[in-house]
Amino acid sequence: MSEWWAYQPSDLLMFSPQTYYRLFELYNTSLWPAQILTLAAGVGIAALTTRGPHWRGRLIAAVLAFIWLFVAWGYFIDRYAAINLAAPYFALGFVVQAILLAVVGAILGHITFEGAKTLTGKVGVALFLFALVFQPLVGVLLGREWFGLELFGSAPDPTVVGTLGILLAADRIRWELLVLPALWCAITGATLWVMNSPEALLMPLVGLLVLVFAAQRSLSPRHEYAGD
Amino acid sequence: MQLNRRQLFGLLAAGGLTALAPRFGRAQGAPLTKRIPSSGEALPIVGLGSWITFNVGDDPEARDSSAEVMQAFFDGGGRMIDSSPMYGSAQEVIGYCLRKTGTSANVFATDKVWTGNGGEGPGQIERTRALWGIDRFDLLQVHNLVAWEAHLDTLSAMKNDGKLRYVGITTSHGRRHNELEKIMHEHDLDFVQLTYNIVDREVEDRLLPLAQEKGIAVIANRPFRRKELIHRFEDEKLPEWADDIGAASWAQFLLKFVIAHPAITCAIPATTRVDHVRENLTSAREPLPDEEMRRRMVAYIREL
């Protein structure tokens with residue numbers, strides 16, 4: 001659409017915070033009990049980062065790719081698109097990320113977890129556990145309904161944080177896989193910011209943290225050796 | 001010299017002859033009305049916007065709340081409801097509310113065409129009409145001047161064919177006023193919609209006088225800058241003389257300022273609350289501030 005350039009970010013917020021958070025309540029209600037499967041997938045991914053067969057990296061990437069596709073359809077197209085005209089574009093970004101995860105990780109096998117865990121790797125695992133266990137509780141702690149939990153595997157924000165954690169925990173930093181999740185951190189941060197949500201800075205800070213650790217890891221002389 | 005109705009109302013409004021014509025009309029218990037210059041039709045001076053407030057998707061509770069807001073709006077004598085294809089699910093929710101409340105006959109249905117491709121206009125308008133579930137719109141406007149030449153052609157043709165009653169064009173947030181002014185000079189418009197409130201008053205210089213001169217009705221959007229102005233002043237005391245204009249709250253103070261301007265035909269505050277709809281419609285009653293009082297209101301706001 002032309003004319004987008006003429007708007008401020010706050011002008012583009014086309015729904016109220018109540019409508020936004022209510023979306024997750026309705027989404028969770030419609031998905032139940034599928035959340036058990038996605039959370040189980042999360043627990044499985046966490047376990048596989050520490051031990052498992054040599055092809056576990058491919059399996060993790062395949063599961064993540066499926067989850068990104070699921071969020072693209074289930075959340076962005078089926079739910080968010082009703083109140084946000086930009087949602088189909090976000091869905092497209094999630095589909096592209098799913099394809100990248102499938103190709104780079106599942107098919108080409110470039111995501112591995114064989115090397116000893118560096119500090120960056122440990123931060124990655126911690127970030128994944130944060131996305132799986134603690135991030136969904138942020139909304140409840142801020143006074144929102146418990147059935148509006150944003151969960152890893154079904155809601156975009158914890159899914160993105162969890163994925164960034166896994167990518168940080170892998171033996172090599174794959175920058176091509178970091179771009180879209182980092183971009184989403186900025187987009188969702190801007191959305192929450194114009195809604196005056198208290199947790200608006202969380203996702204941008206996570207994105208920044210990941211980029212800093214990823215850069216440090218990429219520049220480290222040990223990087224080329226670890227895991228390859 | 002013979003004058004048509006548009007020219008007559010335009011002259012009355014622009015030439016200091018307003019004292020010769022009633023500024024406002026009002027049925028018993030209903031909000032004040034003003035005349036649409038091109039037709040003389042009376043329109044309640046407070047309408048209902050739908051940006052954000054009616055974009056509630058498929059949330060059944062929120063949709064029913066929206067229907068309650070709409071019912072209160074019509075119960076209070078309101079008529080104009082304004083929306084746009086840019087407003088997400090708002091058009092569909094409006095259609096739901098009209099069906100649920102059985103109020104399609106009451107509405108002055110106002111929407112917009114918003115696509116950068118002029119050829120897509122008729123299709124978008126038809127989809128919009130189906131979402132509202134009405135036979136035809138009272139007013140369609142070119143949203144934010146997007147592809148305005150092609151869309152104005154489409155809307156004018158619809159009006160000539162009897163498929164539309166009024167044609168308009170919109171802007172908001174103070175954008176593209178020079179271009180809007182040129183269009184107002186060169187094209188036959190029934191309505192313009194623009195941003196006007198007690199702090200965004202740039203349109204007072206040229207666009208509002210031009211609308212009066214040309215006999216174009218004016219819809220004021222963002223009378224509260226969404227909620228910003230109310231939040232900005234809510235901790236401040238209303239002046240004692242607010243009673244003189246019948247303003248019991250900041251919302252009424254701000255809204256009365258807008259709708260009292262002689263060029264403004266209708267303001268379209270948006271809300272999700274029944275009590276706010278009633279408060280807004282109550283603003284559309286005498287007394288309204290005269291020009292001197294409006295200057296005093298501006299001065300008071302500047303001091304806060």
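The values are calculated or read from the model by the stated rules, or taken from the named source; none is laboratory data. Treat the numbers as computed from the prediction; the structure is a model and nothing was measured. All Cβ positions, glycine included, derive from the backbone under ideal geometry; neighbour counts span all protein chains shown. The accessibility values were calculated without ligands, DNA or RNA, using every heavy atom of the protein model including side chains. Shrake-Rupley method; radii C 1.70, N 1.55, O 1.52, S 1.80 Å.
Do you know which residues across region B:267-277 are touching a helix residue (DSSP H, G or I) at 6+ places or on another chain (Cβ under 6 Å) and not β-branched (V, I, T)? Selection gives B:A267, B:P269. Residues that are on the phi < 0 side of the Ramachandran plot, more than 14 Å from chain A (Cβ to nearest Cβ), in contact with a Gly (Cβ under 7 Å, 6 or more places away or on another chain) and open to solvent by 20 Å² or more (accessible area, probe 1.4 Å) within region B:133-154 comprise just one, B:T154.
Scan region A:188-202 for residues that are among the aliphatic types (A, V, I, L, M) and open to solvent by 70 Å² or more (accessible area, probe 1.4 Å) and jot them down. Even if it seems obvious, please write down each step before you answer.
Filtering region A:188-202 for residues among the aliphatic types (A, V, I, L, M) gives A:190, A:192, A:194-195, A:200-202.
If the condition is that a residue be among the aliphatic types (A, V, I, L, M) and open to solvent by 70 Å² or more (accessible area, probe 1.4 Å), then A:L201 is the only one that fits.
Annotation note: of A:W32, A:W73, the sole residue that is open to solvent by 40 Å² or more (accessible area, probe 1.4 Å), hydrophobic (A, V, I, L, M, F, W, C) and without any contact (Cβ under 8 Å) to a residue 12 or more places away in the chain is A:W32.
Scanning region A:203-220 for residues that are farther than 19 Å from A:L129 by Cβ and open to solvent by 50 Å² or more (accessible area, probe 1.4 Å) returns A:L208, A:L211, A:V212, A:Q216, A:L219. Tell me whether region B:248-255 contains one or more residues that are in a loop (DSSP other than H, G, I, E, B), over 21 Å from B:T53 (Cα atoms), open to solvent by 80 Å² or more (accessible area, probe 1.4 Å) and in contact with a helix residue (DSSP H, G or I) (Cβ under 9 Å, 6 or more places away or on another chain). Yes.
Please work out if B:D235 is over 22 Å from B:P44 (Cα atoms) and either open to solvent by less than 60 Å² (accessible area, probe 1.4 Å) or modelled with pLDDT of 95 or more (or both). Criteria not met by B:D235. Checking region B:170-180 against the condition returns no match, with no residue being away from every other protein chain (no Cβ under 14 Å), surrounded by fewer than 23 Cβ atoms within 10 Å (Cβ to Cβ) and in contact (Cβ under 8 Å) with a residue 24 or more places away in the chain. Take the conditions (1) open to solvent by 30 Å² or more (accessible area, probe 1.4 Å); (2) farther than 21 Å from B:E41 by Cα; (3) touching a strand residue (DSSP E or B) at 6+ places or on another chain (Cβ under 8 Å); B:M158 misses just one of them, which is (2). Given the structure, is A:L192 at pLDDT 95 or above and either among the aromatic types (F, W, Y) or part of a loop (DSSP other than H, G, I, E, B) (or both)? The answer is no for A:L192. Residues that are of a type in the set (G, A, S) and either open to solvent by 50 Å² or more (accessible area, probe 1.4 Å) or in contact with a strand residue (DSSP E or B) (Cβ under 6 Å, 6 or more places away or on another chain) (or both) within region A:91-131 comprise A:A116, A:A126, listed in sequence order.
Taking the conditions (1) closer than 28 Å to B:L255 by Cα; (2) without any contact (Cβ under 8 Å) to a residue 24 or more places away in the chain; (3) touching a Phe, Trp or Tyr at 6+ places or on another chain (Cβ under 9 Å) in turn, B:A105 satisfies each one other than (3).
Is it true that some residue in region B:210-228 is farther than 18 Å from B:K34 by Cα, open to solvent by less than 10 Å² (accessible area, probe 1.4 Å) and either part of a loop (DSSP other than H, G, I, E, B) or touching a Lys or Arg at 6+ places or on another chain (Cβ under 9 Å) (or both)? No; the residues of region B:210-228 include none that is farther than 18 Å from B:K34 by Cα, open to solvent by less than 10 Å² (accessible area, probe 1.4 Å) and either part of a loop (DSSP other than H, G, I, E, B) or touching a Lys or Arg at 6+ places or on another chain (Cβ under 9 Å) (or both).
Which residue out of A:G153, A:G162 is assigned to a loop (DSSP other than H, G, I, E, B), in contact (Cβ under 8 Å) with a residue 60 or more places away in the chain and closer than 19 Å to A:A62 by Cα?
A:G153
Specify the residue that is surrounded by the most Cβ atoms within 10 Å (Cβ to Cβ); the eligible residues are those in region B:87-115 that are aromatic (F, W, Y) and more than 14 Å from B:E126 (Cα to Cα).
Residue satisfying both the conditions and the ranking: B:Y87.
Take B:H185 and tell me if it is in a helix (DSSP H, G or I), closer than 22 Å to B:S83 by Cα and free of Cβ contacts under 8 Å to residues at least 40 places away in the same chain. Here the answer is no, as B:H185 does not meet what is asked.
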